[in-house]
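To start, the structure itself, in structure tokens.
The values are calculated or read from the model by the stated rules, or taken from the named source; none is laboratory data. Bear in mind the structure is a predicted one, so any value in this text is a computation, not a measurement. Cβ: placed from backbone, ideal geometry, glycine included. Neighbour counts: every protein chain shown.
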Amino acid sequence: MIKSIKISDLEKDKLLSLEESHFADLKAIEVLPGKLSKALAAFANAEGGEIFIGIDDEPRNWRGFENMEAANAHIQLFEELFPLGADFQYDFLKHEESQGLVLKIQIAKTRDLKSASDSKVYIRRGAQSLPVTDEERLQTLRRDKGIISFETELINCPEDVITNSTHIIGFLLEVVPTGEPESWLKKQMILVSGKPTVSGVLLFAEEPQAVLPKRSGLKIYRYKTSNEEGSRETLDFDPISIEGNLYEQIQNSVAKTTEIIESVRLQTDKGLVSVNYPHEAIHEILTNAVIHRDYSITDDIHVRIFDNRVEVLSPGSLPGHVTAKNILKERFARNPAMVRLINKFPNPPNKDVGEGLNTAFESMKNLKLKPPEIEQDGGYLKVVLKHEPLATPEEAILKYLVKNKEIANRHAREVCFIKSENKMKRILQVLVANRLLEPVPGRTRYTAAYQLTDEGRDAAKQYT
């Protein structure tokens, strides 16, 4: 059964003002099946989205189906594209004073590539559904979906790059003492027809970066700023390159990132203090970046350390049906061989396979810091650890004033991680209106500051 949902005037106005975008499309009820199938396939092959059928474009107007049965032809098309009905959902929207029913289709990012009724593959980019006809681009889409994996590609280099390396010998002595390198690597399907695979090189070669240049390293940057972007002027030192096989790369990048973070000082209610992020969060996020990145992309992983946050950018989009919203619940490995084999190493970095990000979220929560932020940023998966407490700005200000005589707007912004001077001004004014703060007497507008009132001192006692 398809639900009929009554919406309010406000919701209707919001729908009619909706801009067509990477995640939304509006269609009149006369939309041709072929054009509609292109939009459906394009959303499914990208990050998913919503289509509303029953909205005229020029002028923007609500003109829906007379009844549910009038939309049967459209629904039949959906069934042809998504026969199992698991990747989409429809609802009819109705509004008391508007004509007919608007059909809302929610399309999920699918596990496989979807073709439109013309048998072509489409991808959503901005407000357009664009055809993908180039075979190389189709291969990239297949990798993004996890249908194929670059880790299985054969590398044109001698097999002894992995059969006679110190890494494979040390690994077998520790893990499979009776194993012989060549036969064991063949059984694991990372040595095929005398050629190592990408995953074999990354895991067991002495210098993977010599075999796979510019696509298998990690760079660490330290920017002495809290601004949105770092610059050459705020770069503390030249970027540090972390190379080696994946096992070493994870160990060394976690150690170096932790070392740099510990040198950062941050303004808090206790004055300047060392920044402290949970080691588990740093470890799990870097491990995920290394073993789940798209190695077909010629770029390194980038770790950017700012005064108030750490950003990890991993090349590639989220694989398969995984999105930034469902990433903690869904499981899909872009590089399953790497994930499986690195778990066999002594003290493996991915001990709880599939639970790494959940561990990162939990460890941030235990330190009373805000959870990691995950987003698709162009061609990168971006994970941000912010050194922002779970406390509200008001709580942070009161806590600061327990140990400090006064607070100015500038210091309050540092303590609360708020960039806007006007936004902080409004927060301070609310605290004054609630009689928790008062302006420090005798100050000019340039030296203005605030102090606790008697009521404010009572309210702040909980933070002593």
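Odds and ends about this structure:
- Filter result for Pro346 (over 25 Å from Gly378 (Cβ atoms) and surrounded by fewer than 21 Cβ atoms within 10 Å (Cβ to Cβ)): yes
Yes or no, residue by residue, for (1) among the acidic types (Asp, Glu); (2) outside the structural domain of Ile53 (by TED's automatic domain parsing); (3) in a loop (DSSP other than H, G, I, E, B); (4) surrounded by 18 or more Cβ atoms within 10 Å (Cβ to Cβ):
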| position | (1), (2), (3), (4) |
| --- | --- |
| Ala71 | no, no, no, yes |
| Phe78 | no, no, no, yes |
| Ile105 | no, no, no, yes |
| Thr110 | no, no, yes, yes |
| Ser117 | no, no, yes, no |
| Ile123 | no, no, no, yes |
| Arg142 | no, yes, no, no |
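- Checking Glu30 against (1) outside any helix (DSSP H, G or I); (2) under 31 Å from the mean Cα position of the chain (by Cα); (3) more than 26 Å from Ser8 (Cβ to Cβ), the condition it does not meet: (2)
- Among residues of the stretch 134-150 that are farther than 14 Å from Arg111 by Cα, those with a beta-carbon under 6 Å from a residue that is part of a helix (DSSP H, G or I) at least six positions away or on a different chain give the pairs Phe150/Arg143; Phe150/Val198.
- Options Lys35, Lys27: the member that is free of Cβ contacts under 8 Å to residues at least 40 places away in the same chain, in contact with a Phe, Trp or Tyr (Cβ under 9 Å, 6 or more places away or on another chain) and either assigned by TED's automatic domain parsing to the domain that holds Ser119 or surrounded by fewer than 17 Cβ atoms within 10 Å (Cβ to Cβ) (or both): Lys27
Yes or no, residue by residue, for (1) outside any helix (DSSP H, G or I); (2) in contact (Cβ under 8 Å) with a residue 24 or more places away in the chain; (3) exposed (fewer than 12 other Cβ atoms within 10 Å of the Cβ); (4) basic (Lys, Arg):
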position	(1), (2), (3), (4)
Lys382	yes, yes, no, yes
Ile397	no, yes, no, no
Lys405	yes, yes, yes, yes
His411	no, yes, no, no
Met424	no, yes, no, no
Val430	no, yes, no, no
Tyr446	yes, no, yes, no
Glu455	no, no, no, no
Gln462	no, no, yes, no
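- Any hit, the stretch 4-12, residues being surrounded by 14 or more Cβ atoms within 10 Å (Cβ to Cβ), touching a residue at least 24 places away in the same chain (Cβ under 8 Å) and within 30 Å of Gly379 (Cβ to Cβ): no
Residue-wise test of (1) surrounded by 15 or more Cβ atoms within 10 Å (Cβ to Cβ); (2) at pLDDT below 95.
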| site | (1), (2) |
| --- | --- |
| Leu202 | yes, no |
| Thr225 | yes, yes |
| Gly230 | yes, yes |
| Asp236 | no, yes |
| Ser241 | no, no |
| Asn252 | yes, no |
| Lys256 | yes, no |
| Glu259 | no, yes |
| Ser263 | no, yes |
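To keep it simple, each residue is scored yes or no on (1) more than 30 Å from Lys419 (Cα to Cα); (2) in the same structural domain as Asp294 (by TED's automatic domain parsing); (3) among the hydrophobic types (A, V, I, L, M, F, W, C); (4) touching a Leu at 6+ places or on another chain (Cβ under 7 Å).
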position: Leu154; (1), (2), (3), (4): yes, no, yes, no
position: Pro158; (1), (2), (3), (4): yes, no, no, no
position: Val192; (1), (2), (3), (4): yes, no, yes, yes
position: Leu235; (1), (2), (3), (4): no, yes, yes, no
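- Neighbours by Cβ (under 7 Å, 6+ apart or cross-chain): first from the stretch 224-242, over 30 Å from Glu207 (Cβ atoms); second among the β-branched types (Val, Ile, Thr) and at pLDDT 90 or above: Lys224/Thr234; Thr225/Thr234
- Residue that is nearest to Lys344 (Cα to Cα) [pool: residues in the stretch 152-194 that are in contact with a helix residue (DSSP H, G or I) (Cβ under 6 Å, 6 or more places away or on another chain) and among the charged types (D, E, K, R)]: Glu182
- Where Lys219 falls short, out of the listed (1) modelled with pLDDT under 95; (2) under 18 Å from Tyr295 (Cβ atoms); (3) not aliphatic (A, V, I, L, M): (1)
- Scanning the stretch 440-464 for residues that are more than 40 Å from the chain's Cα centre (by Cα) and of a type in the set (Phe, Trp, Tyr) yields a single hit, Tyr446.
- Residue count, the stretch 155-177 (criterion: surrounded by 15 or more Cβ atoms within 10 Å (Cβ to Cβ), of a type outside the set (Phe, Trp, Tyr) and either in contact (Cβ under 8 Å) with a residue 40 or more places away in the chain or touching a His at 6+ places or on another chain (Cβ under 6 Å) (or both)): 6
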